[in-house]
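Asker: Below you will find the structure I want to go over with you.
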Amino acid sequence: MNLILFNTAEEAGIISPLDSRAKHIREVIRLGVGDSVYVGIVDGVRGLGTIVADDAAGMRLDIAWEAAPPVLHPIRLLVGVPRPQTARRVLFDAACLGVSGIDFFQAEKGEPSYAKSKLWSTDEWRERLWQGAEQGFATQLPEVRHFEKLADALEAVETPGKVALDVYEGAGQLSSLKLPEQLTTLAIGSERGWSAKERDLLREAGFTLAALGERVLRTESACLAGTSVILAGWGRM
């Protein structure tokens, strides 16, 4: 962890001795009284906390909070629901990079059972976002939404910028597009790719189809690479 997240400032100020985060501070990063550690409030500010006590009552931090929280990048991902292990990576990497949201939809070529995984029926999906934010030294968690099909997801797209990754029918390379630095949706199909109907729906919705080179990437790689290319084009990476 590059930053340890809490739900409230009170939680960060006094950490229960049984809390796994207190154990992490003591045993993994090996800090004690007098040492400092970065903490943050979910969807709030970061702060540098100095450990002033660590005893049976808990680990107490004196925290100097920053004035404003880190900002999310104006990118939303639109992703065909992938297998659970892939979705876990997408959630983690997206939160680490700082995208503003992720919309998952049931793709025509996707597997319906993936959406019924315990990843989505429990809080595990949120834990992956949490871990990604901690890795990225950030506090903001991307908004996550689910849609039954692409057409429903496209109706909810309100971003001015719209790009879909497609190695087969992309009109050019993503890196060659001159995307204005404004809220943009980056669409990635299912692990089996877009259907012809889905391509038509994307074009009708105003999406530009673009490629990431000649290689066919895995879903998690396409999310990571596509987001990085856009951020680099904006001078943010």
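Asker: What spacing in nm lies between the two simple spin-label points modelled at ALA57 and HIS24, each 7 Å away from Cα in the Cβ direction?
Answerer: Taking the simple label geometry, ALA57 and HIS24 are separated by 2.5 nm.
Asker: Give, as ranges by residue number, the residues of segment 86-104 whose backbone N falls under 12 Å from the point 7 Å along Cα→Cβ of ALA156.
Answerer: Residues 101-104 fall inside that zone.
Asker: What spacing in nm lies between the two simple spin-label points modelled at VAL33 and ARG203, each 7 Å away from Cα in the Cβ direction?
Answerer: That separation, rounded to one decimal, is 7.0 nm.
Asker: Starting from the exponent 0.38 and prefactor 2.2 Å, build the expected Rg for the chain from its residue count and divide its actual Cα Rg by it. Intermediate values should be presented prior to the final figure.
Answerer: On the way: Rg = 20.0 Å, N = 237, 2.2 N^0.38 = 17.6 Å.
Compared with the compact-globule rule of thumb, the chain sits at 1.14.
Asker: Now for a separate question. Report, by chain and number, residues whose modeled amide H sits under 5 Å from the one on PHE147, excluding near sequence neighbours (fewer than 5 apart, same chain).
Answerer: For PHE147, the qualifying residues are PHE104, PHE105, GLN106.
Asker: Here's something else I'd like to know. Classify segment 48-188 as rounded, prolate or oblate, taking a ≥ b ≥ c as the square roots of the eigenvalues of its Cα gyration tensor: rounded when a/c is under 1.5, otherwise prolate if a/b is larger than b/c and oblate if not.
Answerer: oblate
Asker: Also, I was wondering about something else. Given +1 on the Cβ of Lys and Arg, -1 on the Cβ of Asp and Glu, and no further charges, what dipole in debye does the chain carry about its Cα centre, rounded to the nearest 20? Mind showing how you got there, number by number?
Answerer: On the way: 26 positive and 32 negative charges, 120 e Å.
Computed about the Cα centre, the dipole is about 580 debye.
Asker: Take the residue pairs LYS118/LYS149; LYS116/LYS162; LYS162/LYS197; LYS23/LYS116; LYS116/LYS197 and return only those whose Cα atoms are more than 26 Å apart.
Answerer: Details: LYS118/LYS149 20 Å; LYS116/LYS162 28 Å; LYS162/LYS197 17 Å; LYS23/LYS116 33 Å; LYS116/LYS197 24 Å.
Violating the 26 Å Cα-Cα cut-off are LYS116/LYS162; LYS23/LYS116.
Asker: Mind listing the long-range amide H neighbours of LYS162? Cut-off is under 5 Å, sequence gap 5 or more, other chains count too, H placed in the peptide plane at 1.01 Å from N.
Answerer: Residues meeting the criterion, in which the H sits 1.01 Å from N, are THR185, THR208.
Asker: Taking θ = phi - 60°, what integer Hz values does the Karplus form 6.51 cos²θ - 1.76 cosθ + 1.60 yield along segment 69-83, in sequence order, with x for Gly and Pro?
Answerer: Residue by residue, segment 69-83 yields x, x, 9, 7, 7, x, 10, 10, 9, 10, 10, x, 3, x, 4 Hz.
Asker: Any chance you could give the angle, 0 to 90 degrees and rounded to 10, that helix 124-135 forms with the longest Cα principal axis of the chain?
Answerer: 70
Asker: Please give the calculated 222 nm ellipticity per residue for the chain, where each DSSP H segment of at least 4 residues contributes -39500 (n - 2.57) and the sum is spread over every residue; nearest 500 deg cm²/dmol?
Answerer: When only DSSP H runs of four or more count, the value is -8000 deg cm²/dmol.
Asker: Can you list the HN-Hα couplings for segment 229-237, worked out from phi with the Karplus curve (6.51, -1.76, 1.60; θ = phi - 60°), rounded to whole Hz and with x for Gly and Pro?
Answerer: With coefficients 6.51, -1.76 and 1.60, one gets 4, 5, 4, 5, x, 8, x, 9, 8 Hz.
Asker: Would you mind checking which residues have amide H under 5 Å from LEU3's amide H? H placed 1.01 Å from N; only 5 or more apart, or other chain.
Answerer: PHE137
Asker: Assuming R0 = 25 Å, what is the FRET efficiency of ARG126 and GLN182, from their Cβ-Cβ distance, to the nearest 0.05? Show your work: numbers first, answer last.
Answerer: Numbers: r = 28 Å, r/R0 = 1.11.
Efficiency, from the Cβ-Cβ distance: 0.35.
We did not get these values from a lab; they are worked out from the coordinates using the rules stated. All values reported here derive from a predicted model rather than from experimental measurement. Cβ: placed from backbone, ideal geometry, glycine included. Neighbour counts: every protein chain shown.
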